[in-house]
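Single-structure report; data block below.
The values are calculated or read from the model by the stated rules, or taken from the named source; none is laboratory data. If you're wondering where the values come from, they're calculated on a predicted model, not measured in any experiment. Note: ideal-geometry Cβ built from the backbone for every residue, glycine included; neighbour counts use all protein chains shown. What goes into the accessible areas is simple: the full protein's heavy atoms, side chains included, and nothing from ligands, DNA or RNA. Shrake-Rupley method; radii C 1.70, N 1.55, O 1.52, S 1.80 Å.
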2 protein chains.
Amino acid sequence: MMKRILVTLPITEYHKKRLERNVTNCSFQYVPLSEVTIDMVQNSEIIVGNVPVSYISASNNLELLQLNSAGADAYILPGVLSSGTILTNATGAYGKTVAEHMFGIMMCLQKKLHLYRDDRVTGEWNDYGTVTSISNAIVTVIGLGDIGLYFAGMAKALGAYVIGIKRRKSDCPKQVDELHLMEDFYEIIPKADIIVSFLPNTPSTYHLYNAEFFSKMKNTGIFLNGGRGSAVDQDALLAAVQNQDISAAGLDVTDPEPLPSEHPLWKEKNIMITPHVSGSYHLPETLDKIVEIAAANIENHLAGTPLKNLIDFETGYCK
Amino acid sequence: MMKRILVTLPITEYHKKRLERNVTNCSFQYVPLSEVTIDMVQNSEIIVGNVPVSYISASNNLELLQLNSAGADAYILPGVLSSGTILTNATGAYGKTVAEHMFGIMMCLQKKLHLYRDDRVTGEWNDYGTVTSISNAIVTVIGLGDIGLYFAGMAKALGAYVIGIKRRKSDCPKQVDELHLMEDFYEIIPKADIIVSFLPNTPSTYHLYNAEFFSKMKNTGIFLNGGRGSAVDQDALLAAVQNQDISAAGLDVTDPEPLPSEHPLWKEKNIMITPHVSGSYHLPETLDKIVEIAAANIENHLAGTPLKNLIDFETGYCK
């Protein structure tokens, strides 16, 4: 039977050629996400892209859902996918774009560029005093997937001492000076000048960064979240910055998103917020990488060979 | 004769011990710059720190003036120093602090963090679209002293292709992929994604970055100035950003300083301005390095051995 492949990415002719190159006996349908209908989703064996969860409703036709995101939280909830559907994500596509974005926020906060920027409105020539350097910082990266490793590599390349924290035992990656498991969490926190989290939204990460966590950070420390907003107790974070228990925070993710315009996090000058833009297609090469992952997985699925980036429904991570 | 040494740096006991360690037959006087008087300056054989030019008036007592800055513009003007006075600067102390600051501004502009920051006031959740990456950028560094080389090293460590431009022929430093002389200036500009200048204030650098220069830059290009404000024709820069001949600019130095609050540069959202704070003592280790240079030069001067960081009065650079 001719398999129907629905692709909802904003791709070019070049990308289409790549997807179709080694595929026979399939029909490709390219539809912008905003124009996708329930019928299109229900009538596809393979979908590439984060189609609305409500359109899927455990479709029995759906054999493979290849997400364009690294996060898979919405798709692993019970009842969304039929038990026969394979779910894969785009881990590997976002390392550079998310890591660089968070690294930029880190440097901003270290150099107080956020405060200097605020003075643009009045044209004031204020001096905000002492800054810190990445070159002799202790940087703790929590979550050592593709994004965390890229961030670690950047920090190490500029002189930082990098401590990685992950869930499962492994050899120490070359981007990291010292590797720990989550059980060492509270031992590591007080040492770090910079703590950056790339954890996904799972039950075990919910409000992991709470009042106790922030109380153990250095009061000169900077906290960064490039994973999911639900990992942070935002009230506790706000209090920690306001009370100068930590020096500053940078968030590309919040809970909820968008963060309501009247939310108190916006009011604290030493918190930098960006509207979940570190990933997506903001860096053009990200799309190339997603297409490459999707093309390989479509080919693997059709050939019955092992797929890349299979999601474990229990953890929301890659298997 | 007992030589009188006036030190105007904001130093600690530790620093005093370092300065006095190998020095005999001298009297040290430590006075904060704001409390220095004309008499103190006139009655010193050695001065460490940027004392007011008007206090010096070609003092014949002054044997050595060790500046705490890299720039020496005000002190090389005719009539400031007696012909017998040796002038040394603090080149080598500012590489990391200035380079990291400008690198932070660069990453801000690449990731559009300045625009996201501006939305803090209203709490808006806007998406400013495509960003760029340092990892595949062509970065041109103009002025390859200590600061330029540090910046080049950071850019190269994160994947950029680095083109260095300097005045005098030399071997290609390891931080640079391709080395050119100033005569190749207009050939190199159109290739660069990022152009960063660390040039001092000299007659030959005045308005080097003018309308012609900006017209040759890529329209996606970012221009950074961490040297002296006089090198930039600010009207031409403003026009270039407003007309999108270049994408953005970041300035830690302006002409004049402070930049008047009503100056139109403040109004352009794609220009980031910081109030000449990249250097000074904002990074605490800078002061350690300045003290080290000063201590060595005091010892060298007293021993009659060659000094470090001697200023060439014709160029304002180190010899």
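Quick notes on this one:
- Our estimate of slack between A:Ser34 and A:Asn219, defined as 0.36 nm per intervening residue step minus the Cα-Cα distance, is 62.1 nm.
- Applying 1/(1 + (r/R0)^6) with R0 = 41 Å to the Cβ-Cβ distance of A:Asn136 and B:Glu212 gives a FRET efficiency near 0.50.
- Distance (nanometres) between label positions extended 7 Å along Cα→Cβ at B:Asn300 and B:Ala239: 4.5 nm
- With label points set 7 Å from Cα along Cα→Cβ, the inter-copy distances at B:Val23 are 7.5 nm, sorted shortest first.
- A:Phe213 contributes about 0 Å² of solvent-accessible surface, heavy atoms of the protein only, 1.4 Å probe.
- Remark: the A:Phe313-A:Ser83 segment gains 81.7 nm on full extension, using 0.36 nm per residue and subtracting the alpha carbon distance.
- Compared with the direct C-alpha span, the chain from A:Cys26 to A:Lys267 gains 81.5 nm at full extension, assuming 0.36 nm per residue.
- Accessible surface ranking for A:Lys289, A:Lys17, B:Lys269, 1.4 angstrom probe, highest first: A:Lys17, B:Lys269, A:Lys289.
- Largest accessible area first, the listed residues A:Cys172, B:Cys108 line up as A:Cys172, B:Cys108 when surface is computed with a 1.4 Å probe on the assembled protein chains.
- For chain B, the per residue solvent-accessible surface stands at 40 Å², with DNA, RNA and ligands left out and a 1.4 Å probe.
- Over segment A:1-142, Cα pairs under 8 Å with separation of 6+ residues give a relative contact order of 17 percent.
- A:Ser27 sits among other residues whose Cβ lies under 9 Å from its own Cβ, and their net charge, with Lys and Arg +1 and Asp and Glu -1, is +2.
- Cα gyration tensor category, rounded, prolate or oblate, for segment B:82-182 with a/c compared to 1.5: oblate
- Ranked from shortest, the separations from the 7 Å Cα-to-Cβ label point of A:Asn219 to its equivalents in the other copies are 5.2 nm.
- Axis angle, to the nearest 10 degrees, between helix B:95-110 and the longest C-alpha principal axis of chain B: 20 degrees.
- Protection proxy ranking of B:141-148, B:231-238 - average other beta-carbon atoms within 10 Å, highest first: B:141-148, B:231-238
- Here segment A:95-273 is assigned +1 on the Cβ of each Lys and Arg and -1 on the Cβ of each Asp and Glu. Its dipole about the Cα centre then comes out at about 460 debye.
- Sites A:Arg4 and A:Glu257, calculated FRET efficiency, Cβ-Cβ separation with R0 35 Å, nearest 0.05: 0.65
- Entry note, chain A: relative contact order of 17 percent, from Cα contacts under 8 Å with a spacing of 6+ residues.
- Label geometry 7 Å along the beta-carbon vector: B:Thr37 inter-copy distances in nm: 9.1
- Shown for segment A:95-273: lysine pairs separated by 8 or more places, or found on different chains, whose C-alpha atoms are under 17 Å apart, numbering 11.
- For segment A:95-273, the share of accessible area belonging to carbon and sulfur comes to 50 percent (1.4 Å probe, ligands and nucleic acids excluded).
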